[in-house]
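Peer 1: Starting off with a structure, shown below.
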Amino acid sequence: MHSFSIPLRVYIEDTDAGGIVYYVNYLKYMERSRTEFLRSLGYDKPAILDGGLLLVVHAAQINYRRSARLDDQLQVSAQIEKLARTYVEFKQQVLRDGELLCEGVIRIACVDAATMKPNAIPADMHRQLDQIFHSQM
């Protein structure tokens, strides 16, 4: 099973007045994990692809379970859940010492930058993602 993850520390800027991570920051943590996942595949600027293509968030389903707090050390994972011609879905988790704090499924679509219409994921990237996806099974 291929699951990518990165460590993150909770800083004061991530929290509310009570020292609890503000809910939208979990989405930012997931974004960082997906970005680093694609960097690990050789894409220096993962959201901007050759040929005038962009990778954009199309949908996000998030479940919050527990709160992270100031100075917590987190682990944020990204695993391919589904791969189609024009999009990839990632299952993502935010953990603290193995405890699930937040989980989500994020759909990333490939679009033409000029028209913002769906476009096929570039063949090389799709091939890499497909290889990883099938190694998870």
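Any read-out appearing in this document is the output of simple, stated calculations on the displayed coordinates, not a laboratory observation. Quick caveat: nothing in here was measured; it's all calculated off a predicted structure. We place every Cβ from the backbone using ideal geometry, glycine too, and count neighbours over all the protein chains shown.
Peer 1: For the range 11-27, what does the Karplus curve 6.51 cos²θ - 1.76 cosθ + 1.60, with θ = phi - 60°, yield as ³J(HN,Hα) per residue in whole Hz, taken in order and with x for Gly and Pro?
Peer 2: Each residue of the range 11-27 in turn: 9, 4, 5, 8, 10, 8, 5, x, x, 9, 4, 5, 3, 5, 5, 4, 5 Hz.
Peer 1: Can you find, among Thr86, Val56, Leu8, the residue farthest towards the positive end of the dipole of the range 4-135? Put +1 on the C-beta of Lys and Arg, -1 on that of Asp and Glu.
Peer 2: Thr86
Peer 1: From a point 7 Å beyond the Cα of Leu100 in the direction of its Cβ, which residues of the range 25-48 have a backbone N at a distance under 18 Å?
Peer 2: Counting backbone N atoms under 18 Å from the label point, the list is 26-27, 30.
Peer 1: Let me ask you something else. Obtain the radius of gyration and the Kirkwood radius of the chain from its C-alpha atoms and give Rg over Rh.
Peer 2: Expressed as Rg/Rh, it is 1.00.
Peer 1: With each run of n ≥ 4 DSSP H residues scored as -39500 (n - 2.57), what mean residue ellipticity at 222 nm is computed for the chain after dividing by its residue count and rounding to the nearest 500 deg cm²/dmol?
Peer 2: -7000 deg cm²/dmol
Peer 1: Measuring from label point to label point, each 7 Å out along Cα→Cβ, what is the Val24 to Leu83 span in nm?
Peer 2: For the pair Val24/Leu83, the computed spacing is 3.3 nm.
Peer 1: Continuing with the same structure: Which net charge results for the neighbourhood of Leu38, defined as the other residues with beta-carbon distances under 13 angstrom from its beta-carbon, given Lys and Arg at +1 and Asp and Glu at -1?
Peer 2: It works out to a net charge of 0.
Peer 1: Still on this structure, please answer the following. Give, in nm to one decimal, the length gained when the segment between Ile48 and Arg127 is fully stretched (0.36 nm per residue of separation minus the Cα-Cα distance). Mind showing how you got there, number by number?
Peer 2: Values: separation 79, 0.36 × 79 = 28.44 nm, distance 1.78 nm.
Here the segment from Ile48 to Arg127 would lengthen by 26.7 nm.
Peer 1: ³J(HN,Hα) across the range 58-68 via Karplus (A = 6.51, B = -1.76, C = 1.60, θ = phi - 60°), whole Hz, x for Gly/Pro?
Peer 2: Each residue of the range 58-68 in turn: 9, 7, 9, 10, 10, 10, 9, 10, 9, 8, 8 Hz.
Peer 1: Distance in nm between label sites at Val56 and Ser135, each 7 Å beyond Cα in the beta-carbon direction?
Peer 2: 3.1 nm
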